[in-house]
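Every read-out reported here was derived from the displayed coordinates using simple, explicitly stated rules and does not represent laboratory data. Bear in mind the structure is a predicted one, so any value in this text is a computation, not a measurement. With ideal geometry, Cβ positions are generated from the backbone for all residues, glycine too; neighbour counts draw on all protein chains shown.
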Amino acid sequence: MIIDRNLMLAALRSALLEWFAGNARDLPWRRTRDPYAIMVAEIMLQQTQVDRVIPKYHAFLATFPTLKALASAPTAEVIRLWAGLGYNRRAVNLQRAAQIIVEQYGGKVPDSVAVLRTLPGIGPYTAGAIACFAFEQDVVFLDTNIRRVVRRLCVGSDLLPTPSDAVLLVHAETLLPVGQGWMWNQAIMELGALICTTSNPACWRCPLRQYCRAYADAIVADGDLVNTMMSPVPLKRVAESRSGETFVGSRRWYRGRIIAVLRDLPVGDVLPLAELGQRLRPDFTADHEDWLQGLVTDLARDGLLIITDQGVRLPE
DNA sequence: AATACGGGGAA
DNA sequence: TTCCCAGTATT
């Protein structure tokens, strides 16, 4: 029985914050509070690993040092700099968000979660992350790391039913130390990235082990706690990645290829559809024209290319 | 609630 | 090969 819940919470918070102080990675976006730089980082980090973002983050800010520079740049240039990050729509949405901020918010990144949430490409996670990491607000939000850590810590084994985000946010709120939102959210994400990993979590060196429901569950379930907290089968994300279907040759892959082809064209060049088809696949014939037209139409709808009478090109 | 959306690295 | 990743928008 817990004698004093507040004492336990205080100890838990100290344990994680002290661990973070001694074990945090030196990530570039942790060295700044520039809201624009934070915004760039958070958009890039959506579904994209830290190691892959770091070089792109530096290159992007070197080319577009300010929000206004990004807002007034040719979209084609933004898309080119996005190469290698994937989810190219993020590049278009990021620039659109920058343009909206210039036009409607005096060029200052909004500090309100509710306002941030209205910007294209900014959802519940990113709005909270910007408010917290750029403006040091004590707000809670969920990414894949926080979701996993909070769930294991406050709920228990991965074998238990998945709690809703609403439930996890309530837990996150109770954990959050007042006045230390920036540090706390960085710390809990770092723990998820370095210790409380999806598979094979390093409980043996976890600073929160003694407070963790999942760890306790693992002990109870099995004297040898190894892996007992994790599900033997994947619990999430089974809908996508249909087995037997390779990524190469998929619709998503061809979308990426189309952007890659246009990216490497001389600036302003227009590529006829037939020529694009040839470059995508050597077996391209008239039978593929509808297929290509469909891809190109959707990319245009996403703002990733322009369709002209002569062919297609990147937006300027 | 389900899907689409990139692409690279790790298990 | 499959899973995973500092998610969002659309249906």
Open item on the list: Per residue of the range A:286-298, what does 6.51 cos²θ - 1.76 cosθ + 1.60 with θ = phi - 60° give for ³J(HN,Hα)? Whole Hz please, x for Gly and Pro, Karplus curve as stated.
Closed with: 4, 5, 8, 5, 5, 4, 5, 4, x, 4, 5, 4, 5
Task: Derived scalar couplings ³J(HN,Hα) [the range A:300-316; Karplus, 6.51 cos²θ - 1.76 cosθ + 1.60; whole Hz; x for Gly, Pro] - done: 5, 5, 7, x, 8, 7, 10, 9, 10, 4, 7, x, 10, 7, 6, x, 9
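Sum -39500 (n - 2.57) across every DSSP H segment of at least 4 residues in chain A, then divide by the residue count to get the 222 nm mean residue ellipticity, nearest 500.
Calculated mean residue ellipticity at 222 nm is -15000 deg cm²/dmol.
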TODO: Could you line up A:Met8, A:Met44 from fewest to most neighbouring Cβ atoms inside 10 Å?
DONE: A:Met8, A:Met44
Task: For the range A:101-115, Karplus couplings with θ = phi - 60° (6.51, -1.76, 1.60), whole Hz, Gly/Pro x - done: 5, 5, 6, 10, 10, x, x, 9, 4, x, 9, 8, 4, 5, 6
Open item on the list: Quick check on the range A:34-133: take the gyration tensor over C-alpha atoms, sort the square-rooted eigenvalues as a ≥ b ≥ c, and tell me if it's rounded (a/c under 1.5), prolate or oblate.
Closed with: oblate
Task: Inter-part distance where the range A:45-78 and the range A:181-208 are each reduced to a Cα centre, Å - done: 27 Å
Open item on the list: Would the range A:251-313 count as rounded, prolate or oblate if I go by the C-alpha gyration tensor, calling it rounded below 1.5 in a/c and otherwise prolate when a/b exceeds b/c, oblate otherwise?
Closed with: rounded
TODO: Could you point to the residue in A:Asn88, A:Pro163, A:Val78 farthest towards the positive end of chain A's charge dipole, with +1 and -1 charges on the Cβ of Lys/Arg and Asp/Glu respectively?
DONE: A:Pro163
- [ ] Please tell me the relative contact order of the range A:1-89 in percent, rounded to the nearest whole number, where contacts are Cα pairs under 8 Å and at least six residues apart.
- [x] 21 percent
- [ ] Set Lys and Arg Cβ to +1 and Asp and Glu Cβ to -1, take the dipole of the range A:241-316 about its Cα centre, and tell me which of A:Pro266, A:Phe247, A:Gly303 lies farthest positive.
- [x] A:Phe247
Task: Scattering profile of chain A at q = 0.14, 0.16 Å⁻¹ [log10 I(q)/I(0), Debye over alpha-carbon scatterers] - done: -1.12, -1.29
Task: Farthest positive-ward along chain A dipole, Cα basis, beta-carbon charges - from A:Gln278, A:Ala216, A:Cys132 - done: A:Ala216
- [ ] Would you mind calculating the relative contact order of chain A from Cα pairs under 8 angstrom and at least 6 residues apart, reporting the percent as a whole number?
- [x] 17 percent
